[in-house]
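For reference, the structure discussed in these notes is given below.
The values are calculated or read from the model by the stated rules, or taken from the named source; none is laboratory data. Fair warning: this is a prediction, and the values are worked out from it, not measured in the lab. Please note: Cβ atoms are built from the backbone with ideal geometry, for glycine as well, and neighbour counts cover all protein chains shown.
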Amino acid sequence: MAGTAPQVEWYLARGGQQYGPLSDAEMRKFVELGHLRPTDLVWRQGFPDWKPGSVAFPEINQPRPSASATPRTASSGRGGQSGRTDRGVRGPTVTTPPVSERSSGRQRRGGRRNLGRIGVLAALLALISAAGWYGWQSRDRLPEIANLLTSIQVQAVSSAPAAYDVSPFAAAGDTAQAIDAALQKAVLWRLLKQEFAEWYAARVKDVEQLRAQKRDDAAVQKMLADSIVGLRRKHAAQALAASPRHLRQIAASFHENLQAMAKAGTEHCFGLISYGEASPRVLDMVKDPAKSEHLHRQMTAIFEAIVNGRKSPQKYSPAEKADYDVLVEQLRARGWGEAELKTFSDQRALAQAPHDQVCKLVQDWIAAHLSVKDADIQSRLLSETLRPLVHG
């Protein structure tokens, strides 16, 4: 299922503080107007670590034209201010060392709080004043700069952006503090810490104990996977009581994960269908952070639905025969005939089918749900179809 390309989001570190996100267009304008200094640190998805501004944007190393010797007369203003001069960029030396913590992926958008107009200006003025930027440009350009600043929504973040392309089952470190820091690199674990604080603290202790017992990473990975599965099953009913948007997101992320697993190998896809995220094949695959993103997104989507279902539960009517008739139309559009319909509706026949066929049928089944146009029909179907996924 084709998806839109993810938007690039930038983060900036200066003076011990981190700010963001900035869209790519906003960041380019930020650079163009001379805001970015070579000693600033910047990060976006795809960077293995923070980079100096001079490395990420080499153009800022080029000399900027100066008009300091050219007096300018203000075209308007109270009292008239002639003889005003432009000044080049200037700022203090940044004393904060580069951030050493690896950060990769992008921040979960659902948890982002947009600042109001006043809050945006306050955050930006704090950034500018802390860096000593007030003299960076002549006052003739203040209207242009003010327009730019009010268009950029920037908020300080206390740590590096959480990521999806990290293993949701990795927890490096031997101490509770180090383990917590490692887990908080993952979007899923940030959500779990926020919404299930006591459960999260217990898992950190579990990892700490396993490390003290000299258990290997595989044991830690298996414990975390089993714990997440248990928490998911405990709150399955709440996931199924989430909004239609959350149900669609679970289905979409599951479909994308199935596709990714199928590309890795039929047995990975079949393992996910048969045994869930704790499947040995799946656990082995997501040891590689580059192959973790789709599973990570699926798991996060389920827990986001759980949170939504706890706070604003919805009740869905059972799917009707007419609803399934609509679904069958979508399946036939994907090439299903009587043989596929019969196999998928017969549990024994499906269990005996070749693994690659099962993988293909399940992908089609979920994609067909996502293609149903009527929102009410789709919600009724998904509330039943997703039961095995969140309960299993």
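Does region 342-355 include one or more residues that are of a type outside the set (F, W, Y), in contact (Cβ under 8 Å) with a residue 12 or more places away in the chain and more than 24 Å from Q238 (Cβ to Cβ)?
Just the residues of region 342-355 that are of a type outside the set (F, W, Y), to begin with: 342-343, 345-355.
Of the ones still in play, those that are also in contact (Cβ under 8 Å) with a residue 12 or more places away in the chain are 343, 355.
Checking the rest, the ones that are also more than 24 Å from Q238 (Cβ to Cβ) come to 343, 355.
Checked region 342-355: at least one residue is of a type outside the set (F, W, Y), in contact (Cβ under 8 Å) with a residue 12 or more places away in the chain and more than 24 Å from Q238 (Cβ to Cβ).
When region 211-235 is examined, which residues are found to be of a type in the set (A, V, I, L, M, F, W, C) and surrounded by 14 or more Cβ atoms within 10 Å (Cβ to Cβ)?
The first filter runs over region 211-235 and keeps only residues of a type in the set (A, V, I, L, M, F, W, C), leaving 212, 218-220, 223-225, 228-229, 231.
Listed by number, the residues that qualify are A219, V220, M223, L224, A225, I228, V229, L231.
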- State which residue pairs qualify: first residue under 21 Å from G392 (Cβ atoms) and inside region 299-326, second residue of a type in the set (S, T, Y) and surrounded by 15 or more Cβ atoms within 10 Å (Cβ to Cβ) in any location, beta carbons under 6 Å apart, and separation of 6 or more residues or different chains. A301/S253; N308/S243; Y316/S379; Y316/S383
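Condition check: within 19 Å of the chain's Cα centre (by Cα) and either at pLDDT 95 or above or under 30 Å from D364 (Cβ atoms) (or both). Does H255 satisfy that? Before you say what the answer is, go through the steps one by one.
Values: within 19 Å of the chain's Cα centre (by Cα): yes; either at pLDDT 95 or above or under 30 Å from D364 (Cβ atoms) (or both): yes.
When the stated conditions are applied, H255 passes them.
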- Note on the structure: Note on region 246-261: residues buried (at least 19 other Cβ atoms within 10 Å of the Cβ) and over 17 Å from T385 (Cβ atoms) are A260, M261
- Message: Suppose the filter is crowded, with 18+ Cβ neighbours inside 10 Å, under 17 Å from H255 (Cβ atoms) and at pLDDT below 95; does L389 pass it?
- Response: yes
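Mind checking whether some residue in region 308-330 is of a type in the set (G, A, S), closer than 21 Å to I228 by Cβ and within 25 Å of the chain's Cα centre (by Cα)?
Of all residues in region 308-330, those of a type in the set (G, A, S) come to 309, 312, 317, 319, 322.
Among the residues that remain, those that are also closer than 21 Å to I228 by Cβ are: 309.
If we keep only those that are within 25 Å of the chain's Cα centre (by Cα) as well, we get 309.
Yes, the conditions are met somewhere in region 308-330.
Against the condition in the same structural domain as L370 (by TED's automatic domain parsing), among the hydrophobic types (A, V, I, L, M, F, W, C) and surrounded by fewer than 17 Cβ atoms within 10 Å (Cβ to Cβ), how does A322 come out, does it pass?
The answer is yes for A322.
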- Query: What is the one condition in (1) farther than 20 Å from R245 by Cβ; (2) among the charged types (D, E, K, R); (3) surrounded by fewer than 15 Cβ atoms within 10 Å (Cβ to Cβ) that E340 does not satisfy?
  - Reply: (3)
- Query: Looking at A237, A242, A264, A252, which one is more than 27 Å from D174 (Cα to Cα) and touching a His at 6+ places or on another chain (Cβ under 9 Å)?
  - Reply: A237
- Query: Can you tell me which residues in region 201-210 are surrounded by fewer than 16 Cβ atoms within 10 Å (Cβ to Cβ) and aliphatic (A, V, I, L, M)?
  - Reply: A201, A202
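In region 19-40, how many are free of Cβ contacts under 8 Å to residues at least 60 places away in the same chain and either under 15 Å from V8 (Cα atoms) or in contact with a Cys (Cβ under 6 Å, 6 or more places away or on another chain) (or both)?
Just the residues of region 19-40 that are free of Cβ contacts under 8 Å to residues at least 60 places away in the same chain, to begin with: 23-25, 27-28, 31-32, 36, 38-40.
Subsequent filtering for residues that are either under 15 Å from V8 (Cα atoms) or in contact with a Cys (Cβ under 6 Å, 6 or more places away or on another chain) (or both) retains 23-25, 27-28.
Of the residues in that region, 5 qualify.
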- Message: Just checking, does region 272-292 include any residue being assigned to a helix (DSSP H, G or I), buried (at least 23 other Cβ atoms within 10 Å of the Cβ) and among the small types (G, A, S)?
- Response: no
